[in-house]
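Everything on this sheet refers to the single structure shown next.
The values are calculated or read from the model by the stated rules, or taken from the named source; none is laboratory data. Being a predicted model, the structure only gives us computed values, none of them experimental. Neighbour counts run over all protein chains shown; Cβ positions are idealised from the backbone, glycine included. Ligands, DNA and RNA are excluded from the accessible area calculation, which covers all protein heavy atoms including side chains. Shrake-Rupley method; radii C 1.70, N 1.55, O 1.52, S 1.80 Å.
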Amino acid sequence: MSDTFVTRLDGPSPEQEIAGDMVRRALPVIPLVLAISFAVWGVNGALSSGYAIALVLVNFLFAAALLAWSARISLALLMGAALGGFLVRLALISVAILVVKDAAWVELVPLGITLIITHLGLLIWETRYVSASLAFPGLKPTTSVGPSPENKR
Amino acid sequence: MELLAQAASGADQIAFGEAISAGFAYGLAAIGPGIGIGYLVGQSVQAMARQPEAAGMVRTTMFLGIAFTEALALIGFVVFILLKFA
């Protein structure tokens, strides 16, 4: 018998799977971003970009963990955790950047640019895969590139 | 107020204006995503309560939506940092 009123969500958490996927996808790209930043802004630029990438990844993981934890308790807490989490994470990112802004190794321009590009880039990359996995089965991309069996002579 | 304006030098007024503008940029950039995330999660919770079997798909879309909306606030924050400190 199914519950009439669903007040919490047990089971695996898709948020943590998505955040883990994003971190896995980011790892091979990090050296490329650091290299570009190094070429344009030097060592300090590369360090600042690395700091920004770390902030973005920790932000995703923290958001996913918070949502997964709250969903296991109640849907009302999920709502509160999403809004409160937004505020807390924004504050943490602000503090994390304001604390280091005067450090000798920090270049604000590469840090800001990397923060935005990494965040949006990883999201768009992940959305591509999620869209494919949520698609109607008949619309999902297939791996076969050759002619279909009915077209073969 | 008039005395204050007379006492402040031009450089002070410019610094004051910059600080106010940067603060408004950050504040306004955070309000929009806050409203967006509230609406997004509210609708998602309603969808999950009505149709629990679709909760996985709804949560996936919700998480990505939250992250995309949050990007707007991040852009506002970066603009604030660059205006104020760069």
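Condition check ((1) more than 11 Å from chain B (Cβ to nearest Cβ); (2) buried (at least 22 other Cβ atoms within 10 Å of the Cβ); (3) more than 23 Å from residue B:42 (Cβ to Cβ)) across all residues:
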site	(1), (2), (3)
A:20	yes, no, yes
A:36	yes, no, yes
A:60	no, yes, no
A:73	yes, no, no
A:98	no, no, yes
A:119	no, yes, yes
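Okay, residues lined up against (1) part of a helix (DSSP H, G or I); (2) closer than 23 Å to residue B:37 by Cα; (3) more than 16 Å from the chain's Cα centre (by Cα):
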{"residue": "A:20", "(1), (2), (3)": "yes, yes, no"}
{"residue": "A:25", "(1), (2), (3)": "yes, no, no"}
{"residue": "A:41", "(1), (2), (3)": "yes, no, yes"}
{"residue": "A:57", "(1), (2), (3)": "yes, yes, no"}
{"residue": "A:69", "(1), (2), (3)": "yes, yes, yes"}
{"residue": "A:77", "(1), (2), (3)": "yes, yes, yes"}
{"residue": "A:94", "(1), (2), (3)": "yes, yes, yes"}
{"residue": "A:99", "(1), (2), (3)": "yes, no, yes"}
{"residue": "A:104", "(1), (2), (3)": "no, no, yes"}
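A quick yes/no check of all residues on (1) out of contact with any helix residue (DSSP H, G or I) (no Cβ under 9 Å at 6 or more places or on another chain); (2) small (Gly, Ala, Ser); (3) at pLDDT 95 or above:
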| position | (1), (2), (3) |
| --- | --- |
| A:15 | no, no, no |
| A:26 | no, yes, no |
| A:58 | no, no, yes |
| A:67 | no, no, no |
Requiring at least 3 residues that are in contact (Cβ under 8 Å) with a residue 40 or more places away in the chain and either more than 10 Å from chain A (Cβ to nearest Cβ) or open to solvent by 20 Å² or more (accessible area, probe 1.4 Å) (or both), the helices (runs of 4 or more DSSP H) wholly within chain B are B:10-50, B:55-85
Screening A:24, A:8 for residues that are open to solvent by 40 Å² or more (accessible area, probe 1.4 Å), among the basic types (Lys, Arg), out of contact with any Leu (no Cβ under 9 Å at 6 or more places or on another chain) and within 30 Å of residue B:53 (Cα to Cα) leaves only A:24
Filter the range A:102-117 for residues that are more than 13 Å from residue B:75 (Cα to Cα) and of a type in the set (A, V, I, L, M, F, W, C); the one that is surrounded by the fewest Cβ atoms within 10 Å (Cβ to Cβ) is A:104
